[in-house]
Amino acid sequence: MNQVEISDVARETIYILQYFNPQFIAKIPTDFINNLKEIAKKSNIPIKIDRNKKLKEQEIFEETKDLISLIYYSYIATEEQKKELTKIWNENELLYQEELREKYNPDNIFKKKMSQKADNMQMIEYKRNIFQKILNKIYVKK
């Protein structure tokens, strides 16, 4: 997974917010928008937005989508919409935790390692070279 710069996320977010309804943008505190703009100044990534596609279909950072949804939740959404968003976020979190549990299940991790070790184990015949044989004979005679 690539490390995404906060300045790139801020730049994409500011760019996308330009397409929102001005009534929605008016609900976002100006100091928040100004802070985003200040952070976005450090970024120089090219941004391409297709107005015919939905936000989730755009080729933007996942973090940008997350930030936009958080802005929507915090400043624009009604109480009913907030409940629906919370429900969706909780469902997504449960799915994510289930994926992690399957991937990193401690019971399965140890089983895999033990079976791999058993497969790779072989008897290795230890052969002494001529110098070791001579040294052993000298030490045994003493």
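The values are calculated or read from the model by the stated rules, or taken from the named source; none is laboratory data. Quick caveat, the model's predicted, so the values are computed rather than measured. Methodologically, a virtual Cβ is constructed for each residue, glycine included, from the backbone with ideal geometry; neighbour enumeration extends over all protein chains shown. Side chains included, ligands, DNA and RNA excluded: accessible areas come from the protein's heavy atoms. Shrake-Rupley method; radii C 1.70, N 1.55, O 1.52, S 1.80 Å.
Laid out as a table, the results:
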{"quantity": "Qualifying GluC sites (Glu not before Pro) in segment 38-113, DSSP loop, other Cβ atoms within 10 Å at most 14", "calculated": "Glu59"}
{"quantity": "Segment 1-87, accessible surface, carbon-and-sulfur percent (1.4 angstrom probe)", "calculated": "50"}
{"quantity": "Hypothetical label at Phe20: residues of segment 54-96 whose amide nitrogen lies under 15 Å (7 Å Cα-Cβ projection)", "calculated": "55-56, 64-78, 82"}
{"quantity": "Rounded Å value of the spacing that divides the Cα centres of segment 69-92 and segment 1-33", "calculated": "17"}
{"quantity": "Whole-Hz couplings from phi, Karplus 6.51/-1.76/1.60, listed for segment 43-54; x for Gly and Pro", "calculated": "9, 9, 6, x, 10, 10, 10, 9, 5, 7, 9, 6"}
{"quantity": "Accessible surface, segment 24-91, averaged per residue in Å² (probe 1.4 Å)", "calculated": "76"}
{"quantity": "Chymotrypsin sites (Phe, Trp or Tyr not before Pro) within segment 11-107: DSSP coil, no more than 13 neighbouring Cβ in 10 Å", "calculated": "Tyr19, Tyr104"}
{"quantity": "Contour excess over end-to-end distance, with Cα ends at Glu99 and Glu63 and 0.36 nm allotted per residue", "calculated": "11.0 nm"}
{"quantity": "In order through segment 87-104: 3J(HN,Hα) via Karplus (6.51 cos²θ - 1.76 cosθ + 1.60), integer Hz, x for Gly, Pro", "calculated": "4, 5, 4, 5, 5, 4, 5, 5, 4, 5, 5, 5, 4, 5, 4, 5, 6, 10"}
{"quantity": "Gln132 paired with Glu79, simple spin-label distance in nm, labels 7 Å along Cα-to-beta-carbon", "calculated": "8.1"}
